[in-house]
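Reviewing the structure listed below.
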Amino acid sequence: MSVGRKSLSSHRRIVIKIGSALLVDRGTGLKTRWLDAVCTDIAALKAKGTEVLVVSSGAIAMGRTVLNLPTGALKLEESQAAAAVGQIALARAWSESLSRDNIVAGQILLTLGDTEERRRYLNARATLKQLMKMGAVPIINENDTVATSEIRYGDNDRLAARVATMAGADLLVLLSDIDGLYTAPPHIDPQAQFLSDIAEITPEIEAMAGGAASELSRGGMRTKIDAGKIATAAGCAMIIASGKTDHPLRAIEDGARSSWFAPSVTPVNARKTWIAGHLQAIGALRVDAGAETALRSGKSLLPAGVREVGGQFHRGDTVAIVGADGREIARGLASYDADEARQIAGRKSGEIESILGYAGRAAMVHRDDLVMTGHGQTEAMKVREDIHAG
Ligand code: GLU
């Protein structure tokens, strides 16, 4: 075991994310024996004093099986219906399986707004905390029956990372059909090397993640690395491990191969964690080099440093702050609506009152509402489109 890496049971609170393919077999449906084995592992962790939360995929896959739907892509309303049928079966299976070890399960279905809007986030967090206080295991999934394609997490890797930060977990375990991170996709590149310890998610690590998702699960390595960024920034470690064996958690304890992502040594505070973990920036602010330097030294973003305003956002919405080259450098909550932001962009703070007719905040994004991110190229491209659309 490498420096910093600890056993599962020495963690205080663990979020375990389980991929669809582990739980559901195309032909035979739910893999009950495997589920029972995982629940036994969970019971063992709980007996040692570790709190456990589960993010379980499999609603859509399960619904497909129950409804006997053909293979291939489903239309949005078909996957919503499949999720409705599958989720009820999935929750029941978890509840029954955990009850064999005298553990009570509680179902939580989240939509994107439950983590992106501060008030709803605090509310969902309170429910999670209460369930854990009662010794129950929350079984969490996206509320796929009402999620539309624009307003959804879309993958449970990032959802699980959001849950981990929301619950104040110190470890996130992603169980799927791959045992960890490789320098290249191992099924394509025979030279691919396994990486067991990742001290920091650098651009090189991000580049290794590539794309690719299997038919049953939407997340590939890309979303796992995104999850890692959200979790580790909040001081939560992450493990990617194979769930293909029975008792996958016990196997990790016994030294099965897995990739471990170290938590950031300087995690940002809870409020900033919430800001940094936002999955969707509603707008974008392109700033000049001077403003970028100021941001990097911990200052607020003033209107004078804003070159361009993209998107239609309201005061309090999350905006991406991008540098002159279009790369995202920070995220924050806007102090102004987009239309006002356009009027005061490039102007001195002292001019705000005469331009808008009222004395607003001096900063476009205040330093308390701002966190440096440095997302990868994909994210930056999205922001670019935003700016052009805006
Ligand atoms: N929420 C989806 C489901 O339960 C799974 C999403 C994913 O595989 O990441 O079917």
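Taken together, the values in this text are just the output of simple stated rules run on the coordinates, not laboratory data. Please read all numbers here as calculations on a predicted model, not as lab measurements. Don't worry about glycine lacking a Cβ; one is built from the backbone with ideal geometry, like all the others, and counts go over all protein chains shown.
Quick notes on this structure:
- Angle of helix 118-133 to the longest C-alpha principal axis of the chain, folded into 0 to 90 degrees and rounded to 10: 30°.
- Computed E for Q191/D254 - FRET, C-beta separation, R0 25 angstrom, nearest 0.05: 0.30
- A helix-only calculation puts the chain at -11500 deg cm²/dmol for mean residue ellipticity at 222 nm, using -39500 (n - 2.57) for each DSSP H run of at least four residues, averaged over all residues.
- The charge dipole of the chain, taken about its Cα centre with unit charges on the Cβ of Lys, Arg, Asp and Glu (plus for the first two, minus for the last two), comes to roughly 900 debye.
- Note on the chain: GNM, Cα springs under 10 Å; of T165, T71, T245, the largest mean-square fluctuation is that of T71.
- Segment K133-H366, length gained on full extension (0.36 nm per residue, minus Cα span): 80.3 nm
- Taken about its Cα centre, the range 84-170 carries a charge dipole of roughly 360 debye when the Cβ of each Lys and Arg holds +1 and the Cβ of each Asp and Glu holds -1.
- Amide H partners (placed H, <5 Å) of G106, local residues excluded: V137, I139
- Electrostatic bookkeeping for S7 treats Lys and Arg as +1 and Asp and Glu as -1; over the other residues with beta carbon under 14 Å from its beta carbon, the sum is +1.
- GNM result for the chain, Cα springs below 10 Å: residue of P70, P186, P263 fluctuating most strongly: P70
- Phi angles across the range 286-293 convert, under the Karplus curve 6.51 cos²θ - 1.76 cosθ + 1.60 with θ = phi - 60°, into 3J(HN,Hα) values of 8, 10, 8, 4, x, 5, 4, 4 Hz, Gly and Pro given as x.
- Reciprocal of mean inverse Cα separation for the range 109-226 (Kirkwood radius, Å): 16.0
- Tilt relative to the chain, helix 156-167 - C-alpha long axis, 0 to 90 degrees, to 10: 80
- Under the Karplus curve 6.51 cos²θ - 1.76 cosθ + 1.60, θ = phi - 60°, whole-Hz ³J(HN,Hα) for the range 14-23, x wherever Gly or Pro sits: 10, 9, 10, 9, 10, x, 4, 5, 6, 8
- Volume per residue for the chain equals 140 cubic angstrom (convex hull of Cα atoms).
- Positive-pole candidate from L30, S9, G63, dipole of the range 1-69, charges at beta carbon: S9
- Among G290, G58, G228, the residue with the largest mean-square fluctuation in a Gaussian network model of the chain, with springs joining Cα atoms closer than 10 Å, is G290.
- If you take all other residues with their beta carbon under 9 Å from the beta carbon of D368, and give Lys and Arg +1 and Asp and Glu -1, the sum is +2.
- Between helix 32-47 and the chain: long-axis angle, C-alpha atoms, 0 to 90°, nearest 10: 70
- Distance between the range 313-360 and the range 138-187 - C-alpha centres, whole angstrom: 32
- Computed from backbone phi with θ = phi - 60° and the Karplus coefficients 6.51, -1.76 and 1.60, the 3J(HN,Hα) list for the range 245-251 is 8, 5, 6, x, 6, 4, 4 Hz; x is used for glycine and proline.
- Whole-percent pair-distance distribution, where bins are 5 Å wide, for the alpha carbons of the range 38-170: 2, 10, 20, 21, 20, 14, 9, 4, 1
- Amide H contacts of E51: R13, I14, each under 5 Å away and 5 or more positions distant or on a separate chain (H built 1.01 Å from N in the peptide plane; Pro and chain starts excluded).
- Shape parameters for the range 288-373, alpha-carbon atoms, Rg then Dmax in Å: 11.6, 33
- Linear extension gain, E200 paired with R26, 0.36 nm per residue minus alpha-carbon span: 59.0 nm
- The relative contact order of the chain comes to 14 percent, based on Cα pairs under 8 Å that sit 6 or more residues apart.
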